[in-house]
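The values are calculated or read from the model by the stated rules, or taken from the named source; none is laboratory data. Note that the structure is predicted; figures quoted are calculated from it, not measured. Here the Cβ positions follow ideal geometry from the backbone for every residue, glycine too, while neighbour counts run over all protein chains shown. Keep in mind that these areas ignore ligands, DNA and RNA; they rest on the heavy atoms of the full protein, side chains included. Shrake-Rupley method; radii C 1.70, N 1.55, O 1.52, S 1.80 Å.
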Amino acid sequence: MDIKQYVIEHGRQVNLAAGQHLFRQGEMEDALYFVKQGLFKAYYLCQDGKELVKSFIAEGDVITNLSAVFEREPCTFSLLALEPAALVKVDFDSLYQHTLDDLQLSRFMLTSLIKLAQKKERREYEFLCLDATTRYQQLMQRQPDLLHRITQNDIARYLGITPVALSRIKHGRKG
């Protein structure tokens with residue numbers, strides 16, 4: 001069975017308003033979500049209250065918290081709707097069990113995990129090897145439409161810099 005058919009048969013529609021959390025760091029989660037509409041911010045909240053943006057998730061993306069759904073641990077990050085959102089929720093355990101017997105679903109899961117690993121590898125490289133200006137330029141090249149959908153503060157948090165430093169980068173000034 002292909003993933004679209006599986007989602008039609010086993011999924012449940014979830015709608016969120018802008019500003020609502022799908023899940024929060026520290027909570028338990030058991031589902032995989034397919035984003036049909038909307039934009040989400042995945043973020044960590046540090047012990048000192050500082051927020052660090054992990055990623056942005058938009059239409060066509062799949063999202064879950066692997067530590068929660070696979071290891072049965074509390075979520076390691078929070079997921080906040082930045083825009084009104086529509087998702088399809090699928091029970092992770094059920095999907096996982098079906099992938100063990102269904103080659104098409106297994107391929108979907110494998111491809112999704114490879115894409116996630118590539119995304120994480122690229123993000124790790126950018127943070128370890130590139131300066132903030134280059135990280136900003138690459139964000140503009142890869143996701144120019146995203147920059148119009150999120151706040152300057154969230155862009156700065158995603159890049160790991162202050163809003164003032166982001167303003168300097170955007171205006172070509174040195175810090």
Legend entry - Rounded Å value of the spacing that divides the Cα centres of segment 38-62 and segment 69-94: 12 Å
Inset, instruction - Towards the positive end of the charge dipole of segment 1-46, with charges on Cβ (+1 Lys, Arg; -1 Asp, Glu), say which of 6, 22, 37 has the farthest Cα. - result: 37
Legend entry - Global size of segment 23-122 as Cα Rg and Dmax, reported in angstrom: 13.9, 45
Legend entry - Packing-based order for 31-40, 44-53, using average beta carbon neighbours within 10 Å, highest first: 31-40, 44-53
Inset, instruction - Give me the angle, in degrees from 0 to 90, between the Cα long axis of helix 103-129 and the longest principal axis of the Cα atoms of the chain, rounded to the nearest 10. - result: 20 degrees
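Output the relative contact order of the chain, whole-number percent, from Cα pairs under 8 angstrom with separation of 6+ residues.
25 percent
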Inset, instruction - Determine the sum of side-chain charges near residue 115: Lys and Arg each +1, Asp and Glu each -1, restricted to other residues whose C-beta is under 11 angstrom from that of residue 115. - result: +1
Inset, instruction - Mind computing the radius of gyration and Dmax over the alpha-carbon atoms of segment 106-162? Å is fine for both. - result: 13.3, 42
Inset, instruction - Would you mind working out the accessible area per residue for segment 92-175, using a 1.4 Å probe, and quoting it in Å²? - result: 68 Å²
Inset, instruction - Specify the inter-centroid distance of segment 9-30 and segment 124-158, based on alpha-carbon positions, in whole Å. - result: 26 Å
Inset, instruction - Rank 148, 117, 55 by how far each Cα sits towards the positive end of the charge dipole of segment 25-175 (+1 on Lys, Arg Cβ; -1 on Asp, Glu Cβ) and give me just the farthest. - result: 148
Inset, instruction - Starting from the Cα coordinates of the chain, work out the convex hull volume and express it per residue in Å³. - result: 124 Å³
